[in-house]
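Quick notes on the structure that follows.
Every number in this text was worked out from the coordinates using simple rules, so none of it is lab data. What you see is a predicted model, and the numbers here were worked out from it, not measured in a lab. Here the Cβ is made from the backbone with ideal geometry for all residues, glycine too, and neighbour counts use every protein chain on show.
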């Protein structure tokens, strides 16, 4: 009989890892050999089966991690019951050792790796950079924070399983790009980080800006294009500041998301702006009283004549002489409810300007003011709006109230009530960002609005094809048949403008014609360009 006690002694003296378990199995037990076959992805397949052993195992022991088999290497050897008992015990001990290895390995992975993608999590990402500290110069690198655009919609369209698969495929692309002295990580959800050589920055940004992945199986295989919002920081010191290696590019990425820019570099000016914005809740009153919140005007144009047909009043914040993009402060004010004060401030200033223009005999074009969803939480919103319009004797044909469609039934009911009240008082209404909600068609049916503004996302594409023509054309045709005016926002080039004209939409707003400008600049534009009504 083999020396079973010696095996137990060796097992007790060594650390219970798979490597040591296999070393023990290799000990020369004279009556047999053992084969270990791994089931768990975290444990490599191990086989120490001898060529001379029997085809059928004497004893097999299995669990969720492995199958362990004992084979005889003694021809004609007769195993006693005691032998079988000892062999069973031996295999169970090896199984326990393997199980310990697997659990230890999983715990180690959980500390450093994202569960789904197996990329470094935040802890593993920093740990890896720390381990590289003595071999690299931080000034040769950029740090990146990457957010996948619209991933929530992908989740809804394709389901959680395929969305997770898309994330895994995307992670594989990131990992394949990175060199040995570069690092990529997955912080969870649709957020990723990367530490990439500056010499490869352009190549990296081009790669991650749009990644094509395939998910599913067989005929259900789908192609998904994952686009990114990217913030990055050019590291300026040799020794990396690990406390900001993630937060700095994250700050730039958040700015990029708020301003709808694809890529943003962190600068000292941006840091100063973001720090100021963080204090907006406590400084809003003071900034309002100082006159740092102002009204800008973005004209609307007739595409065919090039004349101004209307204008939209927009809030802007001037902080330390710099114009702060609304995407940086509006979400904060919406969250704390102060957006109501800001929206009514814009409406009042707009009405005041309309009143002054009338008194001075200037040309008047319909002017619109946007109300946010938070405004509709106020019970007397209708009264406040009407009171401001009446206060400055503004003619109802000179003012348009823009509202944003919603997917919430309760909010829609409140919105319908507001629009009905405006109609009863002769005040025109418009639906902003039309087409971005799930209720667009019911808006045309249920809301008695005078205008819809087709969202920029419908035409903000490199190539406008037949499907775009069908979708946008259908919206325009339905609106025209319902006697609802149509304007498209976000028009940035002549190709888009021509596309709209061909579909029967002659009204546009966007940077092709003018960005939002201060009041005096808009007044000069009115005098220089003229209005559509001047010739009609």
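With N as its number of residues, the range 287-421 has a Cα radius of gyration that, divided by 2.2 N^0.38 Å, comes to 1.10. Rounded to 0.05, the FRET efficiency of the residue 222 and residue 289 pair, given R0 = 56 Å and the Cβ-Cβ distance, is 0.55. With contacts taken as Cα pairs under 8 Å and at least 6 residues apart, the range 190-255 reaches a relative contact order of 25 percent. Maximal additional length on extending the residue 355-residue 118 stretch stands at 79.0 nm, based on 0.36 nm per residue less the C-alpha distance. Antiparallel DSSP bridges in the range 274-530: what percent, to the nearest 5? Antiparallel bridges: around 45 percent, rounded to the nearest 5.
Taking 0.36 nm per residue of separation and subtracting the Cα-Cα distance, full extension of the segment from residue 207 to residue 269 would add 19.6 nm. Sequence-distant contacts, meaning Cα pairs under 8 Å at least 6 residues apart, place the relative contact order of the range 274-530 at 20 percent. Across all directions, the shadow cast by the convex hull of the range 189-336 built on its C-alpha atoms averages 15.2 square nanometres. Note on the range 368-490: the C-alpha convex hull projects to 7.8 nm² when averaged across all orientations.
Here the range 274-530 is treated as a Stokes sphere of Kirkwood radius computed over C-alpha pairs; at 4 °C and 1.567 mPa s its diffusion coefficient rounds to 68 µm²/s. Against the compact-protein benchmark of 2.2 N^0.38 Å, the Cα-based radius of gyration of the range 122-266 scales to 1.06.
Only Cα sites of the range 238-287 enter the Debye sum here, all with the same form factor; the resulting log10 I(q)/I(0) across q = 0.22, 0.24, 0.30 1/Å is -0.86, -0.95, -1.12, listed in q order.
Taking the Cα atoms of the range 268-364, the ratio Rg/Rh between the radius of gyration and the Kirkwood radius comes to 1.05.
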